Amino acid sequence: MSSADTATEADTPAEPEAPRDERREALLARLQAELGSDLVGSHIRAGDDLWVRVTRDAWPTAAEITHRRLKYSFFDFLSGLDWLPSPFGRDMDSQEDILVHGQEAKEPPAMAQGYAGGETRFQVFARVYSLTEHMGITLKADLPDDDLSVGTWSGTYAGANWHERECWEMFGFHFVGHPQLAHLYLPGGFEGNPLRKDFPLLARRVKPWPGIVDVEPMPGGAGDDEEGGE
Amino acid sequence: MTALSDREQLTSLANQAADSRVNLEFETEGMTLNMGPQHPATHGTLRILVKLDGEQVISADPMPGYMHRGYEKLCEVRTYPQVTTLVNRIDWLGSFANEVPWILAAEKLMGIEAPPRAQYIRTILFELSRMANVSLFLGDLGIQLGGITVGFYAFRDREHVLNQIEAVTGGRFHPNFDRIGGLKDDLPKGWIAETKKAMEKMRAFCDEVEDLLFGNEIFQKRTRGIGLIPPHVAQSYGLSGANIRGSGVDWDLRRDACPPGLVYDKADWKVWTHPDCDSFSRSWIRLQETREATKIVDQLLDSIPSGPIMAKVPRIIKVPEGEAYVATENPLGEMGYYLVSKGDLNPFRVKIRSASFNNVSIVPWVCKGVYVPDVITILASLYFILGDIDR
Amino acid sequence: MTGLLAAAPVLAGLDPPYWVETLIKVGVVALLIPTTALILGIVFLFKVMSWMQSRLGPQEAGPKGLLQLLADGVKFIQKQDIVPDAADRFVFKVAPMVVLISTFLLYVIIPGSPNVVVESLDTGVFFALAMSSLSVIGILMAGWASANKYALMSGIRAAGQLIAYELPMVLAVVGVVIQAGTLNLNGIIAAQADFKIGPVPFPFFILTQAPMFLVFLAAAQAELTQPPFDMPVAESELVGGYQVEYSGFRFLFFFMGEFATAFAFAAIASVLFLGGWSIPFVTYDAADPNNFYHSWVFWLIGPAVLFTKIMLVSFLIFWFRFTYPRLREDQLQKICWKYLIPICLVWVSVTAIAKVVM
């Protein structure tokens, strides 16, 4: 289905990959120089953002570098990514396949990591910002399935403390050196890591969300012929 | 020098005082006080575990989560337009402002831009929700400090703004009005004139609050020099909005990194900062911001262009594959969505970066060594909405 | 002149036995306390406050909602009287009575006219100050016995605050006492009605004791634990403080105690500084039985005059209450020791010197 190219009447250039972003390229070059071979992937969207992927061992070092050397001292957030396609099917997309396109639900696509690449199912990612340059860096690091531990940022960016606690309970990442990895949101005895893709959202499993098709005709009955699923 | 050592330097005096009093002078045992989950100062269900020595706070540990609704998970099974209904409820006092960065993030990945008129109306509504939010802060500040009259004035004058929001969107609290590619509806008739009158009232309200509260000597005594947050600490905790500007950092996303889709550059306004880093400066900046917001609205109302309010968007919205982070300067601070799309109807992953979460995470640091009444002023001046912490 | 009864024209000849007289006096005071609390509550808490805060206030019960407080009182009485499990039951239950008794005893000495007074003590001012400080014990008892950390902190705060503010209150009164030359409240009023500097009459002591009046008001505000001195109650910090565990009629006692004491303090302030029942420029002569102040009519006019003055002072007290934010305890103590007490001491000396010289 072609959805990306439908809205091109706006006068702004839709996806101008051509223009180069020299400031971000210079920033990436500096990061490259500081991190060396620990920087394993990068992506620049011109005029918008910079993505950088580092090795897991270099994760705390990367924070030191962005904070001390590059003076990207504003801590935005830290969280996790789970690239596993949902084992519970494609939900509304499969409904759309059947109802709109009249075909059987497509298989979910294979696992694919986002910008700056990746090899593992789980990634930890964080964003720091410079209040003088007005640019941000999104850092990512791969975490292998058998050892979801990574060094803590809380010594460098104090605000990472809570974000790591949240990430710990939501994804099950272990942050080595974190002063107090305790539950933040979830009750103490909670089992499972809710933001992982294989953690079922029970409400949705029990009763499917009406999604793109209207639930039922409006009481007046006028809406039937107009909106109802065909 | 690490952030930890900075922190130790700054609170060392207070800590030593607290420690020595506990351990040496009287050999007293501290008292643990549970502030919340139901406590007037936590406006919502935030629990703060405070360890006290007499009236002095040895440690304060916020425990959020009583209202966690799992929006990040819920977003993954909703279509893009449906998500606005959810994110409306994050910061429920300035709901429209929550929708905007979400819509902008989706628009960025889709490569759509709303028509100019929609951008103007969006910005106006954004500022109106800022006023609705911050005017309640000003009232709440008074209530927390025992001056309840200001609270009633705030509720009275906030009504003017809410009426205007309601007139456009049909909702006072949860407008759910922003759409990918524009807005749901155009402005109703006579709205511009009405809004200008409401802005006059808001300015009068600001003057009133400034006289009644900020000019009050007791208020100044209670807030000046209390809850000091130096700029570098504020940055490393990711404080944003008035909290970081109250620490003297001149940074406002509206001016410095305004995402396309909002027209703050079309208005002439000022970003206020205050060098004092204390509770007073944070509160004072919010007052000034309310004034600036009325100015922005006034100017944008004058120059609002005509034209459509909706760009051409497909009926079934699918966002192309990609990642984007869009943040705006919300009433509480930087509010952003990190959106990962796989080209489906639903977002693949949404990380909600809410301002209050970072703003409150500094509480254990800043509340060390202060007195119990100061905890209240510090919490009030940091200004959090529970939905914004717990998401 | 010994009491209301003895003065009442109908009963003048009866000369009832001592215990009947006492019983009736108790009855009068016991009636006065809820009545005055009701009046202040309705007028200031409901009407003036809502007017200042630009809202309507209660509108449903009675004409313009005037009976709202009565309805609230009935509601409180109907509520269950809950005592926390861990509470010290006896102390917990007694504490509101102690607070109310302190208020009760304050009412005894307030004169409504030369003759209309429950008990005209020669040590009137002294008695009033002593009785007003009784309420600290009640509050401390409530705070301790509630077995609640907020209540405990509140009790300690209250003790520190109320005891500290006894001092400026006493000193503020000392100036008046020196100027009047008597501790008897009727005597003080008489002294005000007569007071002249040269040929110019100065009917109110507030003209000569203005700083003391302000200090007295501030101290009264602190004794009442009202904003800006309401740290013991501080609903945004201590969630109501020592009242937090109380419900039903015991809470009502605290509530009544607060407003009735406000009335009593306003009465004492108007007696000491505003001439009590005296009308400006109407001279008072204790010896002359034909003096206007001794006429039967004045038995009604006197209390009315006093009541007007009380309402004026109460308005000030509640005006401050609705306007100011709350101080912190250390700031409160600082104000007391560094400002109020020195002001009092200076003014007491000034008054004393003036008294000797003039």
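The values are calculated or read from the model by the stated rules, or taken from the named source; none is laboratory data. Because the structure is predicted, anything quoted here is derived from the model rather than measured. Note that each Cβ is placed from the backbone with ideal geometry, even for glycine, and that neighbours are counted across all protein chains shown. The protein model used for the area step is the full one, side chains on, heavy atoms only, and it has no ligands, DNA or RNA in it. Shrake-Rupley method; radii C 1.70, N 1.55, O 1.52, S 1.80 Å.
Details
- Per this entry, B:LYS221 is not counted among residues that are open to solvent by 10 Å² or more (accessible area, probe 1.4 Å) and more than 12 Å from every other protein chain (Cβ to nearest Cβ).
- Taken together, the criteria exclude A:ARG196 from residues that are under 30 Å from A:GLY118 (Cα atoms), among the basic types (Lys, Arg) and either exposed (fewer than 14 other Cβ atoms within 10 Å of the Cβ) or at pLDDT below 85 (or both).
- Each residue in segment C:92-110 was checked for being in a loop (DSSP other than H, G, I, E, B) and either more than 17 Å from C:ALA260 (Cβ to Cβ) or open to solvent by 10 Å² or more (accessible area, probe 1.4 Å) (or both), and 2 of them qualify.
- Close pairs (6 angstrom Cβ cut-off, 6 or more residues apart or separate chains): closer than 23 Å to C:THR35 by Cβ in segment C:91-103, open to solvent by less than 10 Å² (accessible area, probe 1.4 Å) and part of a helix (DSSP H, G or I) anywhere: C:PRO96/C:PHE254; C:VAL98/C:GLY138; C:VAL99/C:GLY138; C:VAL99/C:GLY257; C:LEU100/C:GLY257; C:THR103/C:GLY257; C:THR103/C:ALA260
- Among helices (runs of 4 or more DSSP H) entirely within segment B:45-140, having at least 2 residues that are open to solvent by 30 Å² or more (accessible area, probe 1.4 Å) and touching a residue at least 24 places away in the same chain (Cβ under 8 Å) singles out B:80-87.
- Reported count of residues in segment A:35-64, each being open to solvent by 10 Å² or more (accessible area, probe 1.4 Å), among the hydrophobic types (A, V, I, L, M, F, W, C) and within 14 Å of chain B (Cβ to nearest Cβ), is 2.
- Among the candidates A:GLU191, A:GLU166, the residue that is closer than 21 Å to B:LEU339 by Cα and either crowded, with 19+ Cβ neighbours inside 10 Å or more than 10 Å from chain B (Cβ to nearest Cβ) (or both) is uniquely A:GLU166.
- Scan segment A:85-100 for residues that are assigned to a loop (DSSP other than H, G, I, E, B) and open to solvent by less than 50 Å² (accessible area, probe 1.4 Å) and the total you get is 5.
- When residues of segment A:87-138 are limited to those that are within 8 Å of chain B (Cβ to nearest Cβ) and among the charged types (D, E, K, R), the one farthest from A:ILE65 (Cα to Cα): A:GLU96
- Count - residues of segment B:39-70 that are within 11 Å of another protein chain (Cβ to nearest Cβ) and of a type outside the set (D, E, K, R): 17
- When B:ARG179, B:ARG203 are checked against the criterion of being modelled with pLDDT of 90 or more, in contact with a helix residue (DSSP H, G or I) (Cβ under 8 Å, 6 or more places away or on another chain) and among the basic types (Lys, Arg), B:ARG203 stands alone in meeting it.
- Restricting attention to segment B:172-182, the residues that are touching a residue at least 60 places away in the same chain (Cβ under 8 Å) and open to solvent by 10 Å² or more (accessible area, probe 1.4 Å) add up to 5.
- For segment C:73-91, the set of residues classified as in a helix (DSSP H, G or I), open to solvent by less than 60 Å² (accessible area, probe 1.4 Å) and farther than 14 Å from C:ALA260 by Cβ consists of C:PHE76, C:VAL91, listed by residue number.
- The set of residues in segment C:210-222 being within 26 Å of C:GLY187 (Cα to Cα) and surrounded by 24 or more Cβ atoms within 10 Å (Cβ to Cβ) consists of C:MET212, C:VAL215, C:PHE216, C:ALA219, C:ALA220.
- Counted residues, segment C:42-58 - those being open to solvent by 40 Å² or more (accessible area, probe 1.4 Å) and within 8 Å of chain B (Cβ to nearest Cβ): 2
- Residue under evaluation C:PHE320, criteria (1) open to solvent by 40 Å² or more (accessible area, probe 1.4 Å); (2) away from every other protein chain (no Cβ under 14 Å); (3) of a type outside the set (Gly, Ala, Ser); (4) in contact (Cβ under 8 Å) with a residue 40 or more places away in the chain, criterion not met: (2)
- Scanning segment A:109-130 turns up at least one residue that is more than 14 Å from the chain's Cα centre (by Cα), surrounded by fewer than 22 Cβ atoms within 10 Å (Cβ to Cβ) and modelled with pLDDT of 85 or more.
- Which listed residue, of C:LEU312, C:LEU332, is in a helix (DSSP H, G or I) and crowded, with 17+ Cβ neighbours inside 10 Å: C:LEU332
- Residue among C:SER146, C:SER132 that is over 30 Å from C:VAL282 (Cα atoms), buried (at least 18 other Cβ atoms within 10 Å of the Cβ) and within 14 Å of the chain's Cα centre (by Cα): C:SER132
- In segment A:74-86, the residues that are within 25 Å of B:LEU253 (Cβ to Cβ) and at the interface with chain B (Cβ under 8 Å from one of its Cβ atoms) reach residues that are open to solvent by 10 Å² or more (accessible area, probe 1.4 Å) and among the hydrophobic types (A, V, I, L, M, F, W, C) with C-beta atoms within less than 7 angstrom, at least six apart or across chains, in these pairs: A:PHE74/A:LEU131.
- For first residues located in segment B:151-170 and surrounded by fewer than 18 Cβ atoms within 10 Å (Cβ to Cβ), partners that are of a type in the set (S, T, N, Q) and lie 6+ apart or on another chain with Cβ distances below 7 Å form the pairs B:ARG156/C:SER54.
- Those residues of segment C:224-266 which are open to solvent by 30 Å² or more (accessible area, probe 1.4 Å), within 11 Å of another protein chain (Cβ to nearest Cβ) and either in a helix (DSSP H, G or I) or within 18 Å of C:MET169 (Cβ to Cβ) (or both), in sequence order: C:GLU235
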